[in-house]
Amino acid sequence: MASVACYCRVSTEDQSLERQLTSTQEYAEDHLGAELGDLEIFRDKSTGTNTDRSGYQDLMDAASSEEFEAVVVHSVSRICRSITDLERTAARLEEEGVALHIVQEGLTIKPEDDDPFQRALFQLLGVFAELEANMAQQRTKEGIAARQKNEDYHHGPAPLGFAKEDGQLLEAENYHDVVAVLDLVRQDQLSKRKAAQRLDTSRPTITRSLDRLGLYGLQ
């Protein structure tokens, strides 16, 4: 039986890793014959737009130490959201003789596997993961710009997750937490009441923020 590692990542502390843990563990058991108690689990609650993540670094160090023969991730975007980082990750795992299994896309990259279709699909998925991240950032910038042109902005308080400085709308320290919580509410995975409690604000503020999703790159 091959030793297996699972890697799971979400963007903020408020988000849960449970779904990814279940997905990767079930795949490892069903497809790789791994025992649940023998799996090595690596976790991150951080952005995927770079590799400066403790869980990711621990994963790669463990791969270099030959602690496992396969890594399972839920989707391409969970391990990297940059095509450059994704290709470097795959290359390093290959050098260490470690296979990369991607559950959602049904893709496996194995050492010394020259299947051109698998390689092309892997690169294409990486391109889309990076594009998605870039589009979300662009939507946020456009939302901020549109908000600053609105007369109400200049005379009212800054929206949830933002601060005003010298007439400019800037992301506050809790901006990414706000985005994560609003996204959960938008998907009916969290109530407005619980969202307000998590963000230490009121339900009306949550409601107003949901009417301005363009500000948060969620439209």
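The values are calculated or read from the model by the stated rules, or taken from the named source; none is laboratory data. Note that the structure is a prediction, hence the values are computed from the model and not measured. So basically every Cβ, Gly included, is an ideal-geometry build from the backbone, and we count neighbours across all protein chains shown.
Numbers below:
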quantity: Single match in Q118, Q189 (criterion: at pLDDT 80 or above and either under 27 Å from L86 (Cβ atoms) or out of contact with any Ser or Thr (no Cβ under 6 Å at 6 or more places or on another chain) (or both)); calculated: Q189
quantity: Every pair of residues 6+ apart whose Cβ atoms lie under 8 Å, when the first sits in segment 49-68 and is among the hydroxyl-bearing types (S, T, Y) while the second is at pLDDT 90 or above and part of a loop (DSSP other than H, G, I, E, B); calculated: S64/E96
quantity: Residues of segment 4-27 satisfying the condition of being farther than 18 Å from A90 by Cα and touching a helix residue (DSSP H, G or I) at 6+ places or on another chain (Cβ under 8 Å); calculated: V10, S11, T12, E13, D14, Q15, Q20, Q25
quantity: Failed criterion for G97 (all others in (1) under 13 Å from the mean Cα position of the chain (by Cα); (2) modelled with pLDDT of 75 or more hold); calculated: (1)
quantity: Criterion violated by E105 - all others in (1) assigned to a loop (DSSP other than H, G, I, E, B); (2) modelled with pLDDT under 75 satisfied; calculated: (2)
quantity: Segment 1-25, subset of a type in the set (V, I, T) and touching a strand residue (DSSP E or B) at 6+ places or on another chain (Cβ under 7 Å), residue nearest to G106 (Cα to Cα); calculated: T24
quantity: Tally, over segment 26-48, of residues that are touching a strand residue (DSSP E or B) at 6+ places or on another chain (Cβ under 7 Å), farther than 15 Å from S77 by Cα and touching a residue at least 40 places away in the same chain (Cβ under 8 Å); calculated: 3
quantity: Enumerated helices (runs of 4 or more DSSP H) restricted to segment 170-219, each holding at least 2 residues that are closer than 15 Å to A158 by Cβ and in the same structural domain as L160 (by TED's automatic domain parsing); calculated: 175-186, 203-210
quantity: Any hit, segment 24-34, residues being buried (at least 17 other Cβ atoms within 10 Å of the Cβ) and under 30 Å from R198 (Cα atoms); calculated: yes
